1. Across segment 86-103, in residue order, what do the Karplus-derived ³J(HN,Hα) couplings come to in whole Hz, using 6.51 cos²θ - 1.76 cosθ + 1.60 with θ = phi - 60° and x for Gly and Pro?
2. For Trp29 and Leu44, calculate 0.36 nm times their separation in residues minus their Cα-Cα distance, and state this gained length in nm to one decimal.
3. Could you give the length gained on full extension between Thr193 and Ser95, defined as 0.36 nm per residue of separation minus the Cα-Cα distance, in nm?
4. Accessible area of the chain with a 1.4 Å probe: how many percent of it is carbon plus sulfur?
5. To make sure I understand the rule: partners must be aspartates and glutamates, Cα under 15 Å from the Cα of Lys94, and not fewer than 8 residues away in the same chain. Which ones qualify?
6. Could you pull out the trypsin sites (Lys or Arg not before Pro) across segment 1-99 that fall in loop regions by DSSP (anything but H, G, I, E, B) with no more than 11 other Cβ atoms inside 10 Å?
7. Mind listing which chymotrypsin sites (Phe, Trp or Tyr not before Pro) in segment 66-115 are in a DSSP loop and have 10 or fewer other Cβ atoms within 10 Å?
8. What FRET efficiency comes out for Met22 versus Tyr66 if R0 is 45 angstrom and r is the Cβ-Cβ distance? Round to the nearest 0.05.
Amino acid sequence: GIPAQFTPDTLTNYELGWKATMLDKHLLWNGAVYYMPWKNFQSLIFDPALCASSSFNANIGDALVYGMESNIIYQPNSFLSMEFSGSYNDARMKSDTFYNANFQVAPGERLPYDPYFSWSGNIRYEAPIKNALHGYVQYDIAHKGDMWNELQTNGSNGLPRVLQPGYSIMNLRFGLNQIGSHWMTELYITNLTN
């Protein structure tokens, strides 16, 4: 029952994007919308009924991805800068051509590890302290939305499919750097809430 071979997959990307500057070039706005048909989607499959000792690759059907992404950078002066990025991504299986009772993929199912929404942002203040020595402080945050851990609706290898909840990670940085030199020093805290 294991396929003797699997064929290459093909992902075609149709994209329409923009780049814009405003407010006397203090504001930069980039973005894109996209549509991507994915033919012969490949997956690593573990099916002990077919091969108890190993996983194998197979083409399981066609998928479709569409969405949009954008980022905005605002720098009102030489000391302060702010950036925000966000994306919406809808990636789903369109068909199941593998036809295996132990590896069931329903058309319309979301692809694993692919959240609908992701976003990030940061704010940074940097100012001269003395001559070319600059000090800065920066706060940033990144968010990943909820996502499935598995493609199969019935799970795999005896484990259920789980919708992993969304999460955010925040970081804080304080630092010094010498403009025109090749050194910097930084104190940072990653994952502030944990």
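1. Once rounded to whole Hz, the list reads x, 8, 10, 9, 10, 10, 9, 6, 9, 8, 10, 10, 7, 6, 10, 5, 8, 9.
2. 1.5 nm
3. My answer for the length gained is 31.2 nm.
4. Whole-percent figure for carbon plus sulfur exposure: 59.
5. Counting by Cα, and skipping residues close in sequence, Lys94 has these aspartates and glutamates nearby: Asp9, Asp62, Glu109.
6. Filter output for segment 1-99: Lys25.
7. Sparse-neighbourhood loop chymotrypsin sites (Phe, Trp or Tyr not before Pro): Tyr99.
8. Values: r = 27 Å, r/R0 = 0.61.
The value I calculate is 0.95.
The values are calculated or read from the model by the stated rules, or taken from the named source; none is laboratory data. Worth saying up front: this structure is predicted, and the values here are computed from it rather than measured. Because the Cβ atoms are built from the backbone with ideal geometry, glycine has one as well, and the counts that use them run over all protein chains shown. Ligands, DNA and RNA are stripped out before the accessible areas are found, and what is left, the full protein with its side chains, is counted by its heavy atoms. Shrake-Rupley method; radii C 1.70, N 1.55, O 1.52, S 1.80 Å.
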